[in-house]
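The values are calculated or read from the model by the stated rules, or taken from the named source; none is laboratory data. Please read all numbers here as calculations on a predicted model, not as lab measurements. Reconstructed Cβ throughout: ideal geometry from the backbone, glycine too, with neighbour counts over all protein chains shown. The accessibility values were calculated without ligands, DNA or RNA, using every heavy atom of the protein model including side chains. Shrake-Rupley method; radii C 1.70, N 1.55, O 1.52, S 1.80 Å.
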Amino acid sequence: LLCPACKEAYRPNPQFLRKANLAVEAVETLYRPPSRTDVSDGRVGVCPECRNHRYVGRTGLFEVMPLDDEARRLLARRALTALRTHCRKLGIRNLQEEGLRLILGGETSVEEVLRAIKND
């Protein structure tokens, strides 16, 4: 979670918003950790909340799929495309969408979500 005391607001890149299927005019501000504290950026002192670690606490990033009869049937048939469609109809968010929700809520940064969901 971004430190609420020192996180920096910024105007998101329109290309990023389009890539995330968001209306450019709908998102005016996102947040990121502050640049490292040093004399050159004009910051003085230590953040009282995070002591310049830039993040405070953690939150989970989960993709949860309840198994109803239809989902079980599709899993048994290994019909993954149909399973994704079924989940979409139920309003189930995938990992990237859940991360985007945290980003848009100002709770974390784009970089942190990308770090957390990258495939090794």
Practice task
Of the conditions (1) surrounded by 13 or more Cβ atoms within 10 Å (Cβ to Cβ); (2) in a helix (DSSP H, G or I), LEU61 clears all except one; give me its number.
Solution key: (2)
Exercise for the section: Being among the hydrophobic types (A, V, I, L, M, F, W, C) and surrounded by 14 or more Cβ atoms within 10 Å (Cβ to Cβ) is the filter; apply it to segment 76-90 and report the residue that is nearest to THR59 (Cα to Cα). Expected result: CYS87
Practice task
Answer yes if at least one residue in segment 31-48 is at pLDDT below 95, acidic (Asp, Glu) and within 22 Å of the chain's Cα centre (by Cα), and no otherwise.
Solution key: no
Handout entry: Flag if GLU70 is open to solvent by 50 Å² or more (accessible area, probe 1.4 Å) and either in a loop (DSSP other than H, G, I, E, B) or more than 27 Å from LYS118 (Cβ to Cβ) (or both)
Key = yes
Exercise for the section: Might you let me know whether segment 57-65 holds any residue that is aromatic (Phe, Trp, Tyr), at pLDDT 90 or above and touching a Cys at 6+ places or on another chain (Cβ under 7 Å)? Expected result: no
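Can you find even one residue in segment 38-59 that is more than 22 Å from ILE117 (Cα to Cα) and touching a His at 6+ places or on another chain (Cβ under 9 Å)? Please lay out each step first, then the result.
Of all residues in segment 38-59, those more than 22 Å from ILE117 (Cα to Cα) come to 38-52.
The next check asks that each one be touching a His at 6+ places or on another chain (Cβ under 9 Å); those that pass are 47.
Checking segment 38-59: at least one residue is more than 22 Å from ILE117 (Cα to Cα) and touching a His at 6+ places or on another chain (Cβ under 9 Å).
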Problem - Close pairs from segment 15-32: first loosely packed, with under 15 Cβ neighbours inside 10 Å, partner hydroxyl-bearing (Ser, Thr, Tyr), Cβ under 8 Å, at least 6 apart - result: THR29/TYR10
Practice task
Please verify whether segment 91-106 includes one or more residues that are touching a Leu at 6+ places or on another chain (Cβ under 8 Å), surrounded by 11 or more Cβ atoms within 10 Å (Cβ to Cβ) and among the acidic types (Asp, Glu).
Solution key: yes
